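Here is the structure we will look at.
The values are calculated or read from the model by the stated rules, or taken from the named source; none is laboratory data. Quick caveat: nothing in here was measured; it's all calculated off a predicted structure. Note that we place each Cβ from the backbone using ideal geometry, even for glycine, and neighbour counts take in every protein chain shown. Calculation scope for accessible area: heavy atoms of the full protein, side chains included, ligands and nucleic acids excluded. Shrake-Rupley method; radii C 1.70, N 1.55, O 1.52, S 1.80 Å.
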Amino acid sequence: MSQTELPPPQSVPSGPASGAPDLFDELHHADDLYGKLWTLANNLWWSWHPECDAIFRDVDPIRWRQLGHNPVALLREMTPERLADRAGELVLHSRINYAYRRLQEYLTSSQTWASTNAGVLGAKPVAYFSAEFGIHESIPIYSGGLGVLAGDHIKSASGLGVPLVGIGLYYSQGYFRQYLDEDGFQGEDYLETKIENLPIQAALDSKGNPLTVSIDTRDGQLLAKVWLMHVGRVRLYLLDCNVDGNKPEDRELTSRLYGGDERTRIRQELVLGVGGVKALAALGIDPGVYHLNEGHSAFGALQVVRQLMDNDGMSFEDAVQLSARATCFTTHTPVPAGHDRFPPALVEEHLGPLRDALGISQKELLALGRVDPDNDNESFCMTVIGFKMSRCANAVSSLHGVVSRRMWQSMWPDRPENEVPIGHITNGVHVASWLAVQMQTLYDKHFATDWKERLQEPDAWQAIHDVDPGELWETHNALKHNLLSFVRRRFSRQCRRRGEDDQAVEAARHILDPRILTIGFGRRFATYKRANLLFSDIDRVAEMIGSSDRPVQLIYAGKAHPKDEPGKKFIQEIANLRHDPRFAGRVAFVEDYDINVCRHLIQGVDVWLNNPRRPLEASGTSGQKVVLNGGLNCSILDGWWGEAFNGSNGFAIGNGRSHVSDEITDRRDAESLYRTLEEQVIPCFYSRDNDGLPRQWIKRMMNSISTLAWRFSSHRMVADYTAKAYVWSAGGVTCEMRYR
């Protein structure tokens, strides 16, 4: 069986049951439906096709919600006969058959964007390495923005037909589940995921056996089993250390994302990088491009060098030159804590055997991870080795490119800052994953019939200006009602879990008002993101919220890292505002921010608030998701918004400058935020015509969609990576002149 084929979930009878041909026909039909639904469930293509989501939901709406929108877990609870009964009741047969045919057509189509624009990759695909992948809430192997970006990247690679395989780690406990105690303080739970409830199977080597790779360290071998997950046309391979033969502590190595100490972290990154490259070789996959999404997987570059030396007899220096040409490296943050650093002893313990095979000294190895190769006091940085072992490096927004060139200029002391070889490809989001069904219906009605095939083209989105303003506003308000209903359910459940009385639970079911300007904030509660900036002047905010004619309400969500005490304090400060009579019913903190919570927020808010301390937000993508659904951004001119805002497609906080003093910057930005809300956002929202429509607000909605949706789609992003990085790295450009 090939790697792209899925085993049948249940065998279909090969002939009629003795004496009961009618019963056999019934069972065969039931098994046929059951098998088709299993095929859909086992490819995450279903997760960005709402018609498939609707089929699974309709089979059993209550269990669908209880099981976290997990079709595999749902089908495991059903027999073919029960499904056939349900399909008959709901007339699901044609819907299931249609979805199944669409998937088959999608997987077998050879006419894609990449077949024309990236032919060289067909023979040598891209290997995309990432420490996390956020594909759907039912696959909990992500923590936040980096993982969701990686998930959107491989979805768009699938949609564009870019030959690409993903490499990551399988985290059996994923990232933590967040809850707030009675004092509003964040607690963390780690729950074991039942692997049998995931669309995953053992990856097979060239002989058809389940694949396990080994990585040598100074204190013994690390073993990792390889799993396979299908994401449309893309195969995603996940390495898992919970296998026989590993020490007990090593069996837990990949159980949690971003957990443990330095030693755990370097071992995880060794498995991801070196283990990932070894897995590709064992699978018979010969990449033309290695894309390292952040420094977590940078050790893999050394394993590529080793393979070139072993297979082709190259010297270390020549192998480095060749492998670096085929390697793309993306850096994602200017925040120092985002760049993993390890002491020399840990590096030697884990890279020593590989260093021996490469024939280089310990000093030479450490130099690869040091800005100053001769500084013995400098730690080993994964970002530095990522830059040094690649010839194609990029930041994730225009401003981040400027910041990165300044930040890492000392690695190229002979070059001026503007010639530092770090470019930028601004992040984007996967339209089909984040677009609400109601908005998709609106676009289908008014846009060209092929708009979904031209997501990255400006012309595809201009028809939004032809939509009746009332129809757009009505669609947005329907999504807003959905959001508020979701928040009320979650908020009341939070109150009940904390043991609050029936009166409090009942009050939670009636918080928020769909007529009121609703501002959303959802992201990691890292301190530089300044989640509490709006509350710098609590009385001023209370006045806005309690206004008799132009009130405001706020919805917050997000997690702080378990070790980030200041971030947890921010959460507590905001969550406990519900006890202040001035904010009761108008401020809600939704626990356990994940893809599902994010989806509801970005689809239903009027305004998305983003106020990081510039220029520490490398890109940001949550606001891009809001654009697709008609919400407006109110943001510091940082990351993607710095190149997106044009004066009429949202709102800007500040003027794009920051003071050398963080204290002054924060004070200045808070004042600008208040003025923007009081003088622009609130008046624009509440200014209505005779039909009750906020005409100027709707005009901004239309401008936002037409100018931003195409620019910040992950289809555009992946097309840029393909044209500007992948094809060049794979040696597929037809002309490249160099002049002296």
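Residues in the stretch 596-631 that are under 24 Å from Arg490 (Cα atoms) and of a type in the set (A, V, I, L, M, F, W, C): Val597, Cys598, Leu601, Ile602, Val605, Val607, Trp608, Leu609, Val626. The residue of the stretch 149-205 that is nearest to Trp45 (Cα to Cα), among those that are open to solvent by 30 Å² or more (accessible area, probe 1.4 Å) and part of a helix (DSSP H, G or I), is Gly159.
Considering only residues of the stretch 613-624 that are closer than 18 Å to Ser143 by Cα and open to solvent by 10 Å² or more (accessible area, probe 1.4 Å), which is farthest from the chain's Cα centre (by Cα)? This residue is Glu617.
This table checks each residue for (1) at pLDDT 95 or above; (2) acidic (Asp, Glu); (3) under 22 Å from the mean Cα position of the chain (by Cα).
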residue	(1), (2), (3)
Arg391	yes, no, no
Val396	yes, no, yes
Val402	yes, no, no
Asp414	no, yes, no
Ile464	yes, no, no
Asp468	yes, yes, no
Arg488	yes, no, no
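Of all the numbered requirements in (1) touching a residue at least 12 places away in the same chain (Cβ under 8 Å); (2) open to solvent by 10 Å² or more (accessible area, probe 1.4 Å), Gly647 misses one, and that requirement is (1). Here no strands (runs of 3 or more DSSP E) wholly within the stretch 592-663 include at least 2 residues being at pLDDT below 95. Among the residues of the stretch 599-612, those identified as open to solvent by 10 Å² or more (accessible area, probe 1.4 Å) and in contact with a Leu (Cβ under 9 Å, 6 or more places away or on another chain) are His600, Gln603. Of the residues making up the stretch 491-510, those that are out of contact with any helix residue (DSSP H, G or I) (no Cβ under 6 Å at 6 or more places or on another chain), open to solvent by 40 Å² or more (accessible area, probe 1.4 Å) and in a helix (DSSP H, G or I) are Arg493, Arg497, Asp502, Gln503, Glu506, Ala507. Scanning the stretch 206-244 for residues being at positive phi and open to solvent by less than 10 Å² (accessible area, probe 1.4 Å) gives a total of 1. Checked against (1) surrounded by 24 or more Cβ atoms within 10 Å (Cβ to Cβ); (2) touching a helix residue (DSSP H, G or I) at 6+ places or on another chain (Cβ under 7 Å); (3) in contact (Cβ under 8 Å) with a residue 60 or more places away in the chain, Ser635 passes all but condition (3). Filtering the stretch 128-148 to residues that are over 20 Å from Ser713 (Cα atoms) and open to solvent by 10 Å² or more (accessible area, probe 1.4 Å) leaves Glu137, Ser138, Pro140, Tyr142, Ser143. Leu228 - would you say it is within 23 Å of the chain's Cα centre (by Cα), closer than 28 Å to Ala157 by Cβ, among the aliphatic types (A, V, I, L, M) and assigned to a strand (DSSP E or B)? Spelling it out, Leu228 is indeed within 23 Å of the chain's Cα centre (by Cα), closer than 28 Å to Ala157 by Cβ, among the aliphatic types (A, V, I, L, M) and assigned to a strand (DSSP E or B). Once the stretch 449-483 is narrowed to residues that are touching a Gly at 6+ places or on another chain (Cβ under 7 Å) and not polar (S, T, N, Q), the residue that is farthest from Gln178 (Cα to Cα) is Leu472. Counting only residues that are open to solvent by 40 Å² or more (accessible area, probe 1.4 Å) and touching a Leu at 6+ places or on another chain (Cβ under 8 Å), the stretch 287-317 holds 2 of them. Meeting the requirement of 1 or more residues that are more than 27 Å from Ser156 (Cβ to Cβ) and more than 23 Å from the chain's Cα centre (by Cα), the helices (runs of 4 or more DSSP H) wholly within the stretch 23-132 are 50-59, 61-66, 71-76, 80-90, 93-108.
Scanning the stretch 347-381 for residues that are open to solvent by less than 20 Å² (accessible area, probe 1.4 Å) and not in a helix (DSSP H, G or I), we see that the one that is farthest from Leu149 (Cα to Cα) is Ile360. Counting the residues of the stretch 511-548 that are closer than 19 Å to Arg489 by Cα and outside any loop (DSSP other than H, G, I, E, B) gives 5.
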